[in-house]
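Novice: First, the structure itself, so that you have it in front of you.
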């Protein structure tokens, strides 16, 4: 059962966001090696901050339990990046709540499309994204670690009725 979960905008390069991002990258090292390399798509704190981006930290009571960001790809589209839920908070639906909050933030910034990716060694993430309505699309960011690229029309975007 979820306690009180709230999302707060936070600079990605300041605690607790920076610690959560570092934990996410460290967790992926055994799966893919370092993902924060020049050949990978960027996800800098500046990109995931105003005016075209956002970074959210999810708090359960007084504990930071998750984070995620988005960055501008075009006037219409953003990319969701750096989604992470701390291990002790997994299995309780927090990742879905985080994804919903990021999509809401994207809509609030005027984006009508959200894109994301994940790697073959994270099938649980791909299942989450597909259940949330992301459909498979062509590689849009040349991520050498990704095997699934997804796209979703955000609620209220053109073409929704």
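Novice: Condition (residue is assigned to a strand (DSSP E or B), exposed (fewer than 13 other Cβ atoms within 10 Å of the Cβ) and either within 11 Å of the chain's Cα centre (by Cα) or without any contact (Cβ under 8 Å) to a residue 40 or more places away in the chain (or both)) applied to the range 66-79: is it met by at least one residue? So that I can check it myself, show each step before the final result.
Specialist: Filtering the range 66-79 down to residues assigned to a strand (DSSP E or B) leaves 66-72, 77-79.
Subset that is exposed (fewer than 13 other Cβ atoms within 10 Å of the Cβ): none.
Within the range 66-79, none of the residues are assigned to a strand (DSSP E or B), exposed (fewer than 13 other Cβ atoms within 10 Å of the Cβ) and either within 11 Å of the chain's Cα centre (by Cα) or without any contact (Cβ under 8 Å) to a residue 40 or more places away in the chain (or both).
Novice: Scanning for something touching a strand residue (DSSP E or B) at 6+ places or on another chain (Cβ under 6 Å), part of a helix (DSSP H, G or I) and more than 19 Å from residue 18 (Cα to Cα), does the range 129-143 turn up at least one residue?
Specialist: yes
Novice: Here's another thing I want to ask about it. Tell me, which residue of the range 6-25 that is assigned to a helix (DSSP H, G or I) and in contact with a strand residue (DSSP E or B) (Cβ under 7 Å, 6 or more places away or on another chain) is nearest to residue 109 (Cα to Cα)?
Specialist: Taking the candidates together, the pick is 17.
Novice: Might you check whether a residue that is surrounded by 18 or more Cβ atoms within 10 Å (Cβ to Cβ) and closer than 21 Å to residue 46 by Cβ occurs anywhere in the range 103-110?
Specialist: Start the filter on the range 103-110 by keeping residues that are surrounded by 18 or more Cβ atoms within 10 Å (Cβ to Cβ), which leaves 103, 105-106.
Checking which are closer than 21 Å to residue 46 by Cβ leaves us with 105-106.
Within the range 103-110 (the criterion being surrounded by 18 or more Cβ atoms within 10 Å (Cβ to Cβ) and closer than 21 Å to residue 46 by Cβ), the answer is yes, since at least one residue qualifies.
Novice: Within the range 26-52, work out how many residues are surrounded by fewer than 14 Cβ atoms within 10 Å (Cβ to Cβ) and part of a helix (DSSP H, G or I).
Specialist: The total comes to 5.
Novice: Does residue 132 fit the bill of being at pLDDT 95 or above, surrounded by fewer than 17 Cβ atoms within 10 Å (Cβ to Cβ) and within 14 Å of the chain's Cα centre (by Cα)?
Specialist: Working: at pLDDT 95 or above: yes; surrounded by fewer than 17 Cβ atoms within 10 Å (Cβ to Cβ): yes; within 14 Å of the chain's Cα centre (by Cα): yes.
Yes.
The values are calculated or read from the model by the stated rules, or taken from the named source; none is laboratory data. Note that the structure is a prediction, hence the values are computed from the model and not measured. Heads up, the Cβs are rebuilt from the backbone with ideal geometry, glycines too, and the neighbour counts pull from every protein chain shown.
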